[in-house]
Amino acid sequence: MKKLINSPEGVVKDALAGIAAAHGNVVTVHYDPDYIVRADAPVKGKVGIISGGGSGHEPMHGGFVGKGMLDAACPGAVFTSPVPDQMLAATKAVDGGAGVLHIVKNYTGDVMNFEMAAELAAAEGIEVAAVVTNDDVAVENSTWTAGRRGVGVTVLLEKIVGAAAEGGANLAECKRIAEKVNAQGRSMGMALTACTV
């Protein structure tokens, strides 16, 4: 398989630099910890919407930061959850006083690290709610997963809840909408060949 990268070690930093160069009018990229945030964040009185996950399947999530969608995204290393420091920094960056909603895919590292970040944010006085997406019915009782993965419905949920937040919905309403979208979404993932890491 051919890959358009300079080196495996620098692929995430290079991708972030590319986003900053191409879309600097829409987003701001922060490094150490790595996260992408709306250029106008925080928006006063608006619920902040954050998601994140391992890199390697862009544009998820960094490519979905902007008005009417995500306020911030936390890119982890390739196929690896972002760390709590990233999520906490992003949470603080988008807190406009109306609380922050974490949209978390159902992978062990994502769930654990977003929970830790929410606890750290709460200790700093930021109200955080979380919704875990788990739409993939193919792995419901798999030995190798934490239950149904969050995959296909996640981007739809981010768009729908992002629009609600942009329209002025409060944190409780954003969480309710997210839970409803997740409950009504199903997907089934499959692969024809093994992935190339």
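Just so it is clear, none of the values below were taken in a lab; they were calculated from the coordinates. Note that this is a predicted model, so its numbers are computed, not measured. Neighbour counts run over all protein chains shown; Cβ positions are idealised from the backbone, glycine included.
Points to keep in mind about this one:
- Charge tally in the Cβ shell below 15 Å around E166, where Lys, Arg are +1 and Asp, Glu are -1, E166 excluded: +1
- Averaging the sequence gap over all C-alpha pairs within less than 8 Å and six or more residues apart, then dividing by the number of residues, gives the stretch 1-151 a relative contact order of 19 percent.
- Pairs of Lys residues in the stretch 10-183 that lie 8 or more places apart, or on two chains, and have C-alpha atoms under 17 angstrom apart add up to 12.
- Percentage relative contact order, the stretch 26-106, counting C-alpha pairs under 8 Å, at least six apart: 39
- Summary of packing: across the peptides 81-91, 31-41, the per-residue average of other C-beta atoms within 10 Å ranks them, highest first, as 81-91, 31-41.
- For A130, the residues whose amide H sits under 5 Å from its own are H102, ignoring neighbours fewer than 5 places away on the same chain, with H placed 1.01 Å from N.
- Using a simple spin-label model with pseudo-atoms 7 Å out from Cα toward Cβ, A194 and K180 lie 4.4 nm apart.
- When each of the peptides 93-100, 5-12, 49-56, 187-194 is scored by how many other beta carbons lie within 10 Å of its residues on average, the order from highest to lowest is 49-56, 93-100, 5-12, 187-194.
- Across the stretch 179-189, coupling constants 3J(HN,Hα) worked out from phi with the 6.51/-1.76/1.60 Karplus curve, θ = phi - 60°, read 5, 5, 4, 4, 5, 9, x, 9, 9, 9, x Hz, and Gly and Pro carry x.
- Around the amide H of V27, modelled in the peptide plane, lie the amide H atoms of A39, all under 5 Å away and 5 or more residues distant in sequence or on another chain.
- In Hz, Karplus ³J(HN,Hα) per residue of the stretch 21-28 (6.51, -1.76, 1.60; θ = phi - 60°; x = Gly, Pro): 5, 7, 10, x, 7, 10, 10, 10
- Among the listed values (i) 19.7, 59; (ii) 19.3, 62; (iii) 16.0, 47, the one computed from these coordinates for Rg and Dmax of the Cα atoms in Å is (iii).
- Helix-only CD estimate at 222 nm, as mean residue ellipticity for the chain, using -39500 (n - 2.57) per DSSP H run (n ≥ 4): -11500 deg cm²/dmol
- Note on the stretch 99-114 and the stretch 5-56: Cα centroid distance 17 Å, given to the nearest whole angstrom.
- For V94, net neighbour charge (Lys/Arg +1, Asp/Glu -1) across residues whose Cβ lies under 9 Å away: +1
- Close amide H pairs (under 5 Å, H built 1.01 Å from N) link A77 with S55, residues at least 5 positions away or on another chain.
- A straight chain from L4 to A138 at 0.36 nm per residue would run longer than the Cα-Cα distance by 45.2 nm.
- Calculated SAXS-style log₁₀ I(q)/I(0) at q = 0.22 Å⁻¹ - the stretch 34-150, Debye, Cα scatterers: -1.19
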